[in-house]
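Peer 1: I'd like to ask you about the structure that follows.
Each value in this text was obtained by applying a stated rule to the coordinates, not by laboratory testing. Given the structure is predicted, the values throughout are model-derived calculations rather than measurements. Please note: Cβ atoms are built from the backbone with ideal geometry, for glycine as well, and neighbour counts cover all protein chains shown.
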Amino acid sequence: MKPLFKNITKYSDQSYQQFVDFHTNKYNNSYKFYTIIISILFVYCIILNITQKNIGLSLLFIGMLVGYLMMRVYVPAKEYVKNKKRFSNNKSSFFTFTFYKFFFTVDSQRFYYMKLHKVFETKEYFYLYVNEDTAFLVSKNGFKLGNSNDFSEFIKKKCLLKYSKQKEKEQ
């Protein structure tokens, strides 16, 4: 089978940090929104039980609220440290992406376009998310076969409802 595009991307601390910043900005607002909504519901339950003079249940909801808020801070921080440690061990790794009609390969692993979670295009990269938290970084400068503009049109057609091009922020 003849490849349509070939890309060699260098993963470095800088490229990983760009991805972490992108990912945090992309998903942080919804994370905060859900945290606020659930916290408001807990506070409502606490106030309702205090007005009903049900102190035991009020204390239970206070404990649940504190535990929930601690988990909302602790779990992402732990995940960030784990990912940072994992990628800091792989300084300046090179990955070869070969894109075919129905799938792409990363070194020797095969991935199908229809199974991608999301695809984002930024000024410098394509982020091919295989799940909600893990993505391949494909550099726009790394194309050895084809170019980034043609690849953008190709991946947009393959992942029509999953594709999003990020507008650049004016500074």
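Peer 1: Could you compute how fast the chain diffuses translationally, taking Rh as the Kirkwood radius over C-alpha pairs and applying Stokes-Einstein at 10 °C with viscosity 1.306 mPa s? Give it in µm² per second.
Peer 2: 84 µm²/s
Peer 1: From the C-alpha gyration tensor of region 13-88, pull out the three semi-axes of the equivalent ellipsoid (sqrt of 5λ each), sorted largest to smallest, in whole Å.
Peer 2: After diagonalising the Cα gyration tensor, the semi-axes are 36, 13, 4 Å.
Peer 1: Quick check on my link table: of Lys140/Lys162; Lys32/Lys158; Lys2/Lys26; Lys78/Lys123, which ones sit more than 24 Å apart, alpha carbon to alpha carbon?
Peer 2: Violating the 24 Å Cα-Cα cut-off are Lys32/Lys158; Lys2/Lys26; Lys78/Lys123.
Peer 1: Additional query: Quick test of the membrane-span-like rule: which DSSP H helices of the chain reach at least 18 Å along their long axis (C-alpha atoms) with mean Kyte hydropathy at least -1.0?
Peer 2: 13-51, 55-88
Peer 1: A follow-up question, please. Counting pairs of alpha carbon atoms under 8 Å apart in space and at least six apart in sequence, what relative contact order in percent does region 115-171 give?
Peer 2: Averaging sequence separation for qualifying contacts and normalising by length gives 38 percent for region 115-171.
Peer 1: Sequence gap at least 6, Cα distance under 8 Å: using those rules, report the relative contact order of the chain to the nearest whole percent.
Peer 2: 30 percent
Peer 1: Here is a follow-up. Please name whichever of Thr24, Tyr127, Ser39 sits farthest to the positive end of the charge dipole of the chain, dipole taken about the Cα centre and charges placed at Cβ: Lys and Arg +1, Asp and Glu -1.
Peer 2: It is Tyr127.
Peer 1: Placing +1 on the Cβ of each Lys and Arg and -1 on the Cβ of each Asp and Glu in the chain, which of Val75, Phe103, Gln52 has its Cα farthest towards the positive end of the resulting dipole?
Peer 2: Highest projection toward the positive end goes to Phe103.
Peer 1: From the Cα trace of region 132-171, what convex hull volume per residue do you get, rounded to a whole Å³?
Peer 2: With only Cα atoms used, region 132-171 gives 120 Å³ per residue.
Peer 1: Quick check: residue separation of Asp133 and Leu160 times 0.36 nm, minus the Cα distance between them. What number comes out in nm?
Peer 2: 7.7 nm
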